[in-house]
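Structure record follows, encoded as structure tokens.
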Protein chains: 2
Amino acid sequence: MSDLLDTVRGLAKKTDSKILMVVLDGVGGLPLTVNGDTELATARTPNLDALAQESQLGQLELVGAGITPGSGPGHLSLFGYDPLKYVVGRGALSAVGIGVKLNRGDVAVRGNFATLGAGRLILDRRAGRPSDEKNAEIVAKLRAAIPEIDGVAVEVYTESEHRFVVVFRAPEGQPLGANISDVDPQVTGVEPKTAIANDPSSEVTAGLINTFVARAEVALADEPQVNGVLFRGYSDVPHFPSFEDAYQLKAACIASYPMYKGLASLVGMDVLPVEGHEDALEGKVKALRENWAKYDFFYFHIKKTDSTGEDGDFAEKVHKIELFDELLPQLLELQPDVIAVVGDHSTPSKLKSHSWHPVPLLIRSNYGRRDPAQRYTEEEAARGTLGLRHGPDLMPLLMANALKLNKYGA
Amino acid sequence: MSDLLDTVRGLAKKTDSKILMVVLDGVGGLPLTVNGDTELATARTPNLDALAQESQLGQLELVGAGITPGSGPGHLSLFGYDPLKYVVGRGALSAVGIGVKLNRGDVAVRGNFATLGAGRLILDRRAGRPSDEKNAEIVAKLRAAIPEIDGVAVEVYTESEHRFVVVFRAPEGQPLGANISDVDPQVTGVEPKTAIANDPSSEVTAGLINTFVARAEVALADEPQVNGVLFRGYSDVPHFPSFEDAYQLKAACIASYPMYKGLASLVGMDVLPVEGHEDALEGKVKALRENWAKYDFFYFHIKKTDSTGEDGDFAEKVHKIELFDELLPQLLELQPDVIAVVGDHSTPSKLKSHSWHPVPLLIRSNYGRRDPAQRYTEEEAARGTLGLRHGPDLMPLLMANALKLNKYGA
């Protein structure tokens, strides 16, 4: 089925205009009391307010009505890839997120370290949440013990705590399938499951998985706590048009956290180095300024608006929004032809998690219509003139506002 | 793929109610300054205002978010045919636009007259833009010189200036394909290209095209300026349900310009004669009045709201909107059961071109809900109770408001 992305792909053209997409992760929120203010409405945001008064507002539903997006689908949607059609496995995300390049045919798998007791029964599915240092030590053991299986190169990477990633490198001309049942039974008190291929092309990979599990248990037999592995989430490399192919955009990612850099890299953006720790706000602005001339499109990611929501810390989420507001003038100084402010999903502190609520969207360009918005809030966004839209509508709107799309038909 | 049109087609019924769809071509606009008024908002439109106060408003996106519709896709969308699914080639549009009936299997081709120099190198891709009289004289020469090729009847028609249309009539049982590369290289200083078939069913047609080009150059050898032909845009006849088949509507088109008459004719509307020149406002009202009893549905097209936008003439676009407003009472006097006012795309004078911005939609019927609208403007439409919709939603809404659709399911 043809979709909007295919249409846009046929119409995109290169121009000098620049698009800045600011993603405030998890920015949408909820009031704590009936008719109360959300985090966004509570925050003092003079710069966002002024921007809103020159912009059109609307709302985006990233996946569909009532669907709470994970970070992967949320971002794919923002980038114009309908997340119900374009699926990226968590294994592939994790791999690229830690800087591992995947090639067509390879399979990436997310693993958890676990504690196994007598008879291989699972005592703890997270092995007591080992420290990152312990994780690295275990990974080193596995690397030494399992460099390859049946001629297939095996790479093991540390992620954090109990999490790790395994990449199976496909031999030349023999792509590995990734349609395999989970090893992780998701409950304790039972044995790890045997991986089973759900299609013929995944049979070799299922064998690799089961061999890896067995050899890991041997290699970790003298560990008191981290003595087993569970797998869940196998993925091959997604086959979809790159950002450059889809939009004729030379695009850069400015983000601090592996997941977001991985997503951007998967769609073909250059991931720019960012100085500083955690959200590294000033480092991000510096990266943006220094690379402004080199790219047509910038994805600029702010993480802490989400983390504070996940923590259920309403006041701290308000504060993180205000910190972004203080930063905003430095972004506007660069005079992007089109700027969007949006989230990849909502993360209300009231829910301490991602949520299904639409995210508020703001777009400013030279070709916008008048909008009554006085502030960038969920409430004003809900009466915004851009309307309530599906996430993959965003990129075509930004491309259009940047005058980067030809007319469709005569 | 099943779409809304298929569903509506199964539910449509004949009744006595009448629908009037007024298309103000390119009616949506933009303010010239941030937060300024658009052309529609600037215009003094007492009659449209009064109508808006009894109507529901909304916005239509004819193709999709960010996509700027050509006139063809924009109108198909208004008529209920999803323009990403139902595609009509420019050649077919041109042919039916000048009153040429196409049959299944025929191929229509858009041609340009060109000036060729030594070695067939193209000097001018538009042959110095000949007068319409000169165009007709050249067409007469070609008709005499090339009545048929290899037993296939060839018809040549004048369009205007350097533009003409050729129709190749498929012999009984031998449909002609239209998947062929362009003869027009779109640059000067090179020879016209040889047409190449992109699929086996188009090989015969490609041969006809190349023979036509060669014989035309012989026939025009003594012409100093108009001595070559270039082809671009081949099309066969679109295969989709007619307006009558889809909606059980006996439908009439009231328009002045070939393209719009052609589109209406393609979907099976009767094209009514209109007295007068250019937009012929009074002639259109006369045609509407005189044929009111004979049809269930009228497509009533106003062109100048678009042309003035294309010219970048804000004040003149405002004026054309006001001229339509003066006409409106004569339309309302006929007491249509359902009247819609809408555009086929936006044409902001600021952009001097079609644009992607949604078009404002107004629907009045006896079965509307209350809407806050005081005027028919982009801003009021954006908060209209009909919401932001995909273009092909319009026809089902009009059919429903005319009580012409049965219930879906028991």
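Read-outs throughout are calculated quantities, based only on the coordinates presented, and are distinct from any laboratory measurement. No experiment lies behind these values; they were computed from the predicted model shown. Virtual Cβ from ideal backbone geometry, glycine too; neighbours counted across all protein chains shown.
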With just the Cα atoms defining each centre, how far is the stretch B:1-32 from the stretch B:53-69? Give it in Å. 11 Å
Quick one: work out the % antiparallel among DSSP beta bridges in the protein assembly as shown, nearest 5. 60 percent
Any idea how far apart B:Glu133 and A:Glu275 come out in nm if each label point goes 7 Å out from Cα toward Cβ? 7.5 nm
Peptide ranges A:92-99, A:140-147 listed from the most packed, as the mean C-beta count within 10 angstrom indicates: A:92-99, A:140-147
Among A:Glu133, A:Glu316, A:Glu275, residue whose mean-square fluctuation peaks in a GNM of chain A (springs only between Cα atoms under 10 Å): A:Glu133
Cα centroids of the stretch A:240-306 and the stretch B:118-162: how far apart, whole angstrom? 54 Å
Eligible aspartates and glutamates near B:Lys13 by straight Cα distance, threshold 16 Å, same-chain separation 8 or greater: B:Glu244, B:Asp245, B:Asp296, B:Asp337
Write down the percent of antiparallel bridges among all DSSP beta bridges whose residues are both part of chain B, to the nearest 5. 60 percent
Quick check on the protein assembly as shown: helices-only [θ] at 222 nm, where DSSP H runs of length 4 and up contribute -39,500 (n - 2.57) each and the sum goes over total residues. Nearest 500, please. -9000 deg cm²/dmol
Rounded to the nearest 0.05, what FRET efficiency do B:Arg126 and A:Glu333 have when you use their Cβ-Cβ distance and R0 = 60 Å? 0.85
Loop only by DSSP, 15 or fewer other Cβ within 10 Å of the Cβ. Give me the trypsin sites (Lys or Arg not before Pro) in the stretch A:80-132 that pass, ordered by residue number. A:Lys85, A:Lys101, A:Arg104, A:Arg126
Test of the criteria: in the stretch B:160-217, which GluC sites (Glu not before Pro) are in a DSSP loop and have at most 15 other Cβ atoms within 10 angstrom of their Cβ? B:Glu172
Gain in length, B:Val34 to B:Lys101, computed as 0.36 nm per residue apart minus the alpha-carbon separation, to one decimal in nm? 19.3 nm
If we count chymotrypsin sites (Phe, Trp or Tyr not before Pro) as exposed when they sit in a DSSP loop and have at most 16 other beta carbons within 10 Å, what is the longest stretch of chain B that avoids them all? B:1-366
May I ask you to list the trypsin sites (Lys or Arg not before Pro) in the stretch B:10-80 that are in a DSSP loop and have at most 16 other Cβ atoms within 10 Å of their Cβ? B:Lys13, B:Lys14, B:Arg44
Gain upon complete extension [B:Glu54, B:Glu172; 0.36 nm per residue less C-alpha separation]: 37.1 nm
According to the square roots a ≥ b ≥ c of the eigenvalues of the Cα gyration tensor, what is the shape class of the protein assembly as shown, taking rounded for a/c under 1.5, prolate for a/b larger than b/c otherwise, and oblate for the remainder? prolate
Can you give the net charge of the other residues whose Cβ lies under 13 Å from the Cβ of A:Glu172, counting K and R as +1 and D and E as -1? +1
Assume the label is 7 Å from Cα along Cα to beta carbon: what separations in nm does A:Glu54 have to the matching positions in the other copies? 4.3
Please average, across the residues of B:75-87, the number of beta carbons from any other chain that are within 10 Å of each residue's own beta carbon, and give a whole number. 1
Across peptide A:362-370, what mean number of C-beta atoms from other chains lies inside 10 Å of a residue's C-beta? 5
R0 = 41 Å: FRET efficiency of A:Glu310 with B:Arg44, Cβ-based, nearest 0.05? 0.15
Can you give the local net charge around B:Gln53? Use residues other than it whose beta-carbon is closer than 9 angstrom to its beta-carbon, Lys and Arg +1, Asp and Glu -1. -2
If one computes the Cα centroid of the stretch B:166-216 and of the stretch A:360-410, what distance in Å separates the two points? 42 Å
Please label the shape of the stretch A:265-410 as rounded, prolate or oblate, based on the square roots a ≥ b ≥ c of the eigenvalues of the alpha-carbon gyration tensor (a/c under 1.5 means rounded; beyond that, a/b larger than b/c means prolate, else oblate). oblate
Cross-link pairs beyond the 29 Å C-alpha cut-off, checked among A:Lys134/A:Lys303; A:Lys294/B:Lys85; A:Lys141/A:Lys286; A:Lys404/B:Lys317: A:Lys294/B:Lys85; A:Lys141/A:Lys286
Tally Lys/Arg at +1 and Asp/Glu at -1 over every other residue whose Cβ is under 13 Å from the Cβ of A:Leu403; what's the total? +4
Once you have a ≥ b ≥ c as the square roots of the Cα gyration tensor eigenvalues for the stretch A:1-129, tell me rounded if a/c is under 1.5, and otherwise prolate or oblate according to whether a/b is larger than b/c. oblate
